[in-house]
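Data first, discussion second: the structure below is written as structure tokens.
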Amino acid sequence: TSARDELGQLAHSFNRMAEKIVANIEELKNTDRLRRELIANISHDLRTPLASIRGYLETIQMKSEHLTNEEYEEYLRIISETAEGMQGLVEQLFELSKLEARQIKPHFEPFSIKDLIYDVAMKFQHVAEKKRMAIKISAPDGLPQVYADLRLMERALTNLVENAVNYTPPGGAVIICASRQNEQVLIEIMDTGRGIAPEDLPLVFERFFRGRKVHGENANGSGLGLAITKKIIELHQSNITVESKLNEGSKFYFGLQVWQGS
Ligand code: ADP
């Protein structure tokens, strides 16, 4: 019966989420910055998991007495993972649409980019260990502070390191470097992963672009991470660049303004 309680709660929060999503889509439709194709993408990316959740809920409700405990648990797990994926997608969509509508104004302040890099790397330590992967950081002691938006920069770095970890097979490495280049701090995120095909390279920053899926790799990505990252870097009057070789690895890099104050 505790599984049943869980299902009841899940159904309840799922319905609340579905309502929110429908309201969000309505709001997005009214934002004239978003193109029609964008709406088509969103509808597809939300409808598919929504249909899957509905299907499993229905199976559980209709055939409940014929299901084994294992099946029951498995269906609940799929439902909750799918719902989580949808929630992530909706959050990313919101962030991107706010960035594009310039509703997010960067709050510039001086901070240690080195500390931020360590904080972000820490978030992926656990996953990296599981993949027998090293996350290496290279930043000199005397590195100056940067003048940037801390929260947005954390978001951008998180996206880049997450991708590097995701798209690098077990045994590989991710290297994050920060170094001073004149009035900028150059930040580089490198990996020894599967790399990006030359024809895909110009597309990776497009919203909803996703490279060919490799089994076991970030199966529920949204293709929004790099679009969000690019917007964030642009809000800092900078640019993000990618260099990559198939089966060798990728490097994403950008510069940030050095803090000139005392
Ligand atoms: P997502 O990771 O959710 O698919 P992103 O916008 O973060 O979306 O990335 C878009 C695509 O670019 C990915 O699907 C992947 O094909 C490719 N990509 C991004 N980062 C890397 C990387 N470090 N190595 C290889 N491919 C990458």
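Please find, among GLY195, GLY172, the residue that is within 16 Å of the ligand (Cβ to nearest atom), small (Gly, Ala, Ser) and within 21 Å of THR241 (Cα to Cα).
Result: GLY195 is the single residue among GLY195, GLY172 that is within 16 Å of the ligand (Cβ to nearest atom), small (Gly, Ala, Ser) and within 21 Å of THR241 (Cα to Cα).
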_Yes/no for GLU188 being touching a Cys at 6+ places or on another chain (Cβ under 9 Å) and of a type in the set (Asp, Glu)_ = yes
*Quick one: how many residues across segment 114-141 are touching a residue at least 12 places away in the same chain (Cβ under 8 Å) and assigned to a loop (DSSP other than H, G, I, E, B)?*
6
_For segment 40-53, which positions are surrounded by fewer than 18 Cβ atoms within 10 Å (Cβ to Cβ) and either in contact with a strand residue (DSSP E or B) (Cβ under 8 Å, 6 or more places away or on another chain) or closer than 11 Å to TYR75 by Cα (or both)?_
SER52
*Return only the number of the condition from (1) touching an Asp or Glu at 6+ places or on another chain (Cβ under 6 Å); (2) of a type in the set (Val, Ile, Thr); (3) farther than 24 Å from LEU246 by Cβ that ILE137 does not satisfy.*
(1)
*asked:* So, LEU96, is that one closer than 26 Å to ILE42 by Cβ, assigned to a helix (DSSP H, G or I) and without any contact (Cβ under 8 Å) to a residue 60 or more places away in the chain or not?
replied: no
*Can you work out which of the residues in segment 114-133 that are closer than 17 Å to ASP191 by Cα, in contact with a Pro (Cβ under 9 Å, 6 or more places away or on another chain) and among the charged types (D, E, K, R) is surrounded by the most Cβ atoms within 10 Å (Cβ to Cβ)?*
LYS131
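Throughout, read-outs are computed from the coordinates displayed, never taken from laboratory work. Since we're looking at a predicted model, the values are computed, not measured. Note that each Cβ is placed from the backbone with ideal geometry, even for glycine, and that neighbours are counted across all protein chains shown.
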